[in-house]
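This report concerns only the one structure given below.
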Amino acid sequence: MLAGMAITVIHGALYVYGFGAFFIHFQNAFNASRAQIGLVLGLSRLEGGLVAPVSGFIIDRFGPRRPMIFGLILVGVGFIVLSRVDTLIMFYVIYVGLLATGSSFGSARPIQISLANWFIKKRSRAMGFLMTGFGIGGSLVFVYSWVIEALGWRSACVLSGILILVVSIPLSLVIKHRPEDMGLLPDGETFPDSNQDISSENKEETQEPRVALDETNFTARQALATKAFWILALVYGTWSLVPPTITAHMIPYLQQEVGASPAIAALSLSAFAFISLFGRIPIGWIGDYVDLRYLLSALFVLMGVGLLILAQIKTTAFIPFALIIMGPAYGGSVPIRPALQGYLFGRMAFGTIGGLLQFFDLPAAIAAPVFVGWIADESSYRLGFQIVAGLIIFGSVAVLAAKPPPKILG
């Protein structure tokens, strides 16, 4: 858990939220429009969606450690190579081919799969603790922005790559796949005979998830045949509009349309990530005791309202008001999404099913950063934010229809 959180802190600061700190520097370096820079996030989501089912299956089958090492090497090397890029086309190639591909294998997905196997009763709060790492990392964006301003974006890329190679890769060696691989059960449960030894004769039996708890488990094929899967894909598609909109466009919006200084704009994105921490663990804990569908619906409404307020502000004085409403709701939705997936479909094919959900989110995830950037180029960011807010509020209604499918017998 702690190793996973440390990896997400680094990844959150440098890759997820850090993109916003680079945005205007990328515009200037490649003489690009906001839509063109936003396109790289769309292409990254395309790559992520295409790779997600494959990486999820590989992690389900072989465990998280080797895929994580592979992915983190790609991200670390990708940052270093990015520092030498001089053209927009090569920027797309390196960012998508190395950083985005590496992220699909080396960041949250393998750790989430591991936690989904280790926790059933307390899965929601476990995901909350893990996703706190991204919030902590995001809250450090203002420091990262200062480094970029002080040393230049190219030097900042080199330092980022070195940090990932030197720190994140050793941390990934600690991540374990399933408790059954160590003769244990999820949630610290005990075997029927607590004094029973796991001998070599029956050890092979424990390699597959051993269900000592009342747990629903679907294969990927079975999940695809349920109504709940497709509703969840629609709902998660609306949610996937929010992260690229915030991480890519909040800083340039605040600078170019609200009049914030670069420091205030970067600090606002950091504040959003920091405030989201107050939703990740508490709401994750609440999720273990209430209907996750109703909880996620309420969070979607608050996210939409907060984004609508952000779209209306005229001065920097009102930025905190929008962030206080939107931040905890967004933070709480992050662990609830995988927890709801686990509640509906179990842990047997958690990675594969999660990858398929991400694959079907592709249209929204690709369109969001490009669409919002294009609207900003043609009109203003405000209209784009309002449209995204309306769609996320629509998702708050749709999630209520994602009822648990009947258990698969036999």
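The numbers here are math on the coordinates, done by the rules we state, and not lab data. On a predicted model such as this, the values are computed, not experimentally measured, just so you know. Reconstructed Cβ throughout: ideal geometry from the backbone, glycine too, with neighbour counts over all protein chains shown.
Descriptive notes on the structure:
- Hull volume in cubic angstrom per residue (convex hull over the Cα atoms of region 73-134): 80 Å³
- Net lengthening on full extension, TRP285/ARG66 (0.36 nm per residue, minus Cα-Cα): 75.8 nm
- Basic side chains Lys and Arg get +1 at the Cβ, acidic Asp and Glu get -1 at the Cβ, and with that the dipole of the chain about its Cα centre reaches some 420 debye.
- Mean projected area of the Cα convex hull of region 215-320, taken over all directions, amounts to 8.3 nm².
- Given R0 = 41 Å, the distance between the Cβ atoms of ASN28 and PHE318 translates into a calculated FRET efficiency of 0.90.
- Distance from the Cα centroid of region 336-358 to that of region 52-83 is 19 Å (rounded to whole angstrom).
- Cα long-axis angle, helix 141-151 against the chain (0 to 90 degrees, to the nearest 10): 50 degrees
- Over all orientations, the chain has a Cα convex hull whose mean projected area works out to 18.6 square nanometres.
- With a cut-off of 15 Å between beta carbons, the residues surrounding PHE57 carry a summed charge of +4, where Lys and Arg count +1 and Asp and Glu -1.
- FRET efficiency, VAL93 to TRP146 (Cβ-Cβ, R0 22 Å, nearest 0.05): 0.15
- In the chain, the longest principal axis of the Cα atoms and the axis of helix 65-82 are about 10 degrees apart.
- C-alpha long axis of helix 350-360 to longest principal axis of the chain, angle in °: 40 degrees
- Here is how the number arises for the chain: DSSP H runs of 4 or more residues each give -39500 (n - 2.57), the sum is divided by the residue count, and the result at 222 nm is -22500 deg cm²/dmol.
- Amide hydrogen proximity for ALA349: with H placed 1.01 Å from N in the peptide plane, the residues at 5 or more positions away or on another chain lying under 5 Å are PHE218.
- Evaluated at q = 0.18 Å⁻¹, the base-10 log of the normalised Debye intensity for region 320-410, with identical point scatterers placed on the Cα atoms, takes the values -1.04.
- Coarse-grained scattering of region 98-185 at q = 0.22 Å⁻¹, given as base-10 log I(q)/I(0) from a Debye sum over alpha-carbon atoms: -1.21
- Near ALA402, once Lys and Arg are set to +1 and Asp and Glu to -1 for all other residues with Cβ below 11 Å from its Cβ, the sum equals +2.
- The chain: most fluctuating residue of PHE23, PHE300, PHE134 per GNM, C-alpha cutoff 10 Å: PHE23
- FRET E, pair ALA263, LYS403, Förster distance 45 Å, beta-carbon r, rounded to 0.05: 0.40
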